[in-house]
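Contents: one structure, followed by commentary.
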Amino acid sequence: MGGVPWLFPEPALMLGEWRNRQRLYLEEIERDRRAAEAALAGSPSAATRARLERLVAAYGEHLVTVSGLLAPLGLVAVPAGHATMNAFGVTLPQRQDLHSYYTNLHRDWCWGALENQLALDAVRAALPDRRDTRLAVLGAGSGRLAYDLHQSGLVGETVALDINPLLVLVAREMIEGRSVWLHEFPLAPRTAAETAVRRELKAPVAVRPGLRLVFGDAFAAPFPPASFDAVLTPWLADIVDEDIASLATAVNRLLVPGGRWIYHGSASFVGRGPADRYNIEEVDERVRQTGFAAPVWQSADMPYMRSPASRHSRVETVLTFASVKQHEAPERPGHHPGSDWLTNLSLPIPLSPALELAGIAARIQAFTLSLVNGERSAAELAEFLVAQGLLDPESSMAAVLGLLQRLTDAERRPPPH
Ligand SMILES: C[S@@+](CC[C@H](N)C(=O)[O-])C[C@H]1O[C@@H](n2cnc3c(N)ncnc32)[C@H](O)[C@@H]1O
């Protein structure tokens, strides 16, 4: 993929998945450009018009740049329209989108010197004290930390692995010494001129040999067991759906006995069910149960995504731990437990309760939406649903408004950045 190995258990499925996301992403940028253009025509305020003009121009350029960067994905024209793509979500978690970590690109390769240095210092202190370490960075994103660690001379070989094509393809440009010009769209621009800022992303110096990029899944990393002396997972455990024990198992497999897992990032697992919203004692316990010695923890307050163009940023108490592999991890179910039909495409798909429910919900939604014809009111829709026996009169109106609001809110989503 643009010269970077694409090493997934299901390479073609993954490619299809990212192409769908690419199509949606490009459509979203164009939709936002048109929305800004339409707003421009109707705006009485000179200041608002100036901001919108800037945005319209920036989105236009952004579309060209992003299309160019993602060209290696080889997007092919297909008959499926936006609606079809939207209907058939995705096998990757929805929050892993092409633009999910867009600001990281700018932080990594433009304005993030302090944040990058703090991350490097925290992780460097946890690395084995030798110069020939074989290091894997899982979820390396656009690669700055992997690059800095590699440049530090504390490692011999570095492999930076990630699933996200936009991030990895920019990382490739950086590592090969080229510049990428990309717009940043700050969340809370400091000035009107900073509504959209065109920035040059570039590595400070040419990278020394031995740093390689790989497209891959951290939970099915394309390396034989015991390939690495150290595995770093920076800001990964908190954003994946899998729990920390699954990550620990995947990391354990990659490490030589005595090898070191270095965890760096947030320990906020808020997107999970109540049992999986671990605190650090629980993380500690899971790590020790997965073949690792007791982790050595450090934590420090660090600025996070402090763009000079934005009034918005956060401070995180970032955790870093190193833990030595003592023995192999106990067996765990595979990456897709119970979903053989995902890997053997000729197997029948079991009608699980979740799929059955989703099917019924989708039919009810489709029915409700088919009633929207430009003439009927929300009250009429609610009555229809009651007449069909789908809802009772008390909850029908709230349900209709909730659905329609959710769907129209999607149109007002903030632009991708
Ligand atoms: C919060 S970002 C952190 C990026 C980078 N490590 C940093 O510190 O800036 C999480 C990264 O994990 C990647 N990621 C998510 N799921 C992954 C998976 N299953 N395998 C590999 N990378 C994954 C995302 O694409 C993204 O680059």
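Using only Cα atoms, what Kirkwood radius does the chain have, in angstroms? It would help to have the intermediate numbers written out before the result.
Working: mean 1/r = 0.0420 Å⁻¹.
About 23.8 Å for the chain.
Nothing charged except the Cβ atoms of Lys and Arg (+1) and of Asp and Glu (-1): what's the magnitude of the dipole of region 89-202 about its Cα centre? Round to the nearest 20 debye. Each step should come with its number before you reach the end.
Values: 13 positive and 14 negative charges, 13 e Å.
Around 60 debye, computed over region 89-202.
Grab the DSSP H runs of the chain that are 4 residues or longer, score each as -39,500 (n - 2.57), total them, divide by all residues and round the 222 nm result to the nearest 500 deg cm²/dmol. Walk me through the intermediate numbers first.
Numbers: 13 runs with 169 residues, N = 417.
Result for the chain: -13000 deg cm²/dmol, rounded to the nearest 500.
What's the angle, to the nearest 10 degrees (0 to 90), between helix 11-42's Cα axis and the longest principal axis of the chain?
The answer is roughly 50 degrees.
Hey, what did region 193-299 get for relative contact order, percent, Cα under 8 Å, at least 6 apart?
Working: 102 pairs, mean separation 25.4, N = 107.
RCO, region 193-299: 24 percent.
Against the longest alpha carbon principal axis of the chain, how many degrees, from 0 to 90 and to the nearest 10, is the axis of helix 46-69 turned?
That helix lies at roughly 60 degrees to the long axis.
Scan around residue 159 for amide H atoms under 5 Å from its own, H built in the peptide plane at 1.01 Å from N, and keep only partners 5 or more places away or cross-chain.
Correct list: 135, 136, 137, 212.
Give me the dipole magnitude in Debye, nearest 20, for the chain about the Cα centre, with unit charges on the beta carbon: positive for Lys and Arg, negative for Asp and Glu.
Here the size comes out at about 1180 debye.
Looking at the chain, send over the antiparallel percent of its DSSP beta bridges, to the nearest 5. Show your work: numbers first, answer last.
Numbers: 22 of 43 bridges.
The answer is about 50 percent antiparallel.
Roughly what angle does helix 353-370 make with the longest principal axis of the chain, taking Cα atoms, 0 to 90 degrees, to the nearest 10?
So the inclination is approximately 40 degrees.
At what distance in angstrom do the alpha carbon centres of region 372-395 and region 266-333 lie from each other?
After rounding, the separation between the Cα centres reads 47 Å.
Taking the Cα centre of each part, how many Å lie between region 138-159 and region 162-223?
13
For region 101-350, what's the relative contact order in percent, using C-alpha pairs closer than 8 Å and at least 6 residues apart? It would help to have the intermediate numbers written out before the result.
Working: 504 pairs, mean separation 48.9, N = 250.
Relative contact order comes out at 20 percent.
In region 98-137, what trypsin sites (Lys or Arg not before Pro) fall in a loop by DSSP, with at most 11 other Cβ atoms inside 10 Å? Don't jump to the answer; show the numbers that get you there.
Working: sites: 107, 124, 130, 131, 134; in loops: 130, 131.
Answer in residue order: 130, 131.
Every number in this text was worked out from the coordinates using simple rules, so none of it is lab data. All values derive from a computational prediction rather than experimental measurement. As a convention, Cβ positions derive from the backbone with ideal geometry for all residues, glycine included, and neighbour counts pool all protein chains shown.
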